[in-house]
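Let me begin by handing over the structure; questions about it come next.
The values are calculated or read from the model by the stated rules, or taken from the named source; none is laboratory data. Keep in mind that what you see is a predicted model, and the values were worked out from it rather than measured. In this analysis, Cβ positions are derived from the backbone assuming ideal geometry, glycine residues included, and neighbour counts consider all displayed protein chains. The accessibility values were calculated without ligands, DNA or RNA, using every heavy atom of the protein model including side chains. Shrake-Rupley method; radii C 1.70, N 1.55, O 1.52, S 1.80 Å.
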Amino acid sequence: MTRQREVILRELRKLTSHPTADELYLLVREHLPRISLGTIYRNLEELSAAGLIQKVEFGGGQRRFDGDITDHWHVKCTDCGRIADVSPDPESTAQVSLGSFRTEFELTGYRLELMGTCPACQQA
Ligand SMILES: [Zn+2]
Ligand SMILES: [Zn+2]
């Protein structure tokens, strides 16, 4: 692993904010002043292909990155755009399953997009 990739991975793992490549670029530049945005993009793609980070893609939004590769979902604030982690409520008996959808496809998986208003925007 190159030094650049190491720094990108380390900075991303420190964050829970699911930054965009541009946001990460500003942080990584503090450690590697000569790095380019293109290098950040390329390294993020490679880290993601290697399974070391995950991409967070919400319809319409800019692609974001997550250093937490454990299985979890995301919720997006429709006011400020903030993205946070969500875990299923262990107490809940409600179920979303592949059987909930009508299609001629043989379904193999699904991705859930949750949206709402974050605590800070609820206060405002
Ligand atoms: Zn918000
Ligand atoms: Zn996450």
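Once the Cβ-Cβ distance between Ser87 and Leu32 is put in as r, and R0 is 35 Å, what FRET efficiency do you end up with, to the nearest 0.05?
0.55
What residues have an amide H closer than 5 Å to that of Val56, excluding those fewer than 5 places away on the same chain, when H is modeled at 1.01 Å from N in the peptide plane?
HN-HN under 5 Å from Val56: Arg64, Phe65, Asp66.
Let me ask something additional. Please compute the modelled spin-label separation between Thr78 and Leu98, points set 7 Å along Cα→Cβ, answer in nm with one decimal.
3.0 nm
Oh, and also: At 7 Å along the Cα-to-beta-carbon direction for both Ser17 and Met115, put a label point, then send me their distance in nm to one decimal.
For the pair Ser17/Met115, the computed spacing is 2.2 nm.
Taking the solvent-accessible surface of protein heavy atoms with a 1.4 Å probe, what is the per residue accessible area of segment 33-124 in Å²?
Ligands and nucleic acids excluded, the figure is 74 Å² per residue.
Leaving ligands, DNA and RNA out of it, rank Val28, Val96 by accessible area with a 1.4 Å probe, largest first. Walk me through the numbers before you get to the answer.
Working: Val28 0, Val96 75 Å².
Most to least solvent-accessible, the answer reads Val96, Val28.
Considering only DSSP beta bridges where both residues belong to the chain, give the percentage that are antiparallel (nearest 5).
Around 65 percent of the beta bridges assigned by DSSP in the chain are antiparallel ones.
Of the residues Thr103, Thr70, Thr39, which exhibits the maximal mean-square fluctuation in a Gaussian network model of the chain defined by a 10 Å Cα contact cut-off?
Maximum among the listed residues: Thr103.
Mind running the shape call on segment 39-124? Use the C-alpha gyration tensor, a ≥ b ≥ c as the square roots of the eigenvalues: rounded below 1.5 for a/c, prolate if a/b tops b/c, oblate otherwise.
oblate
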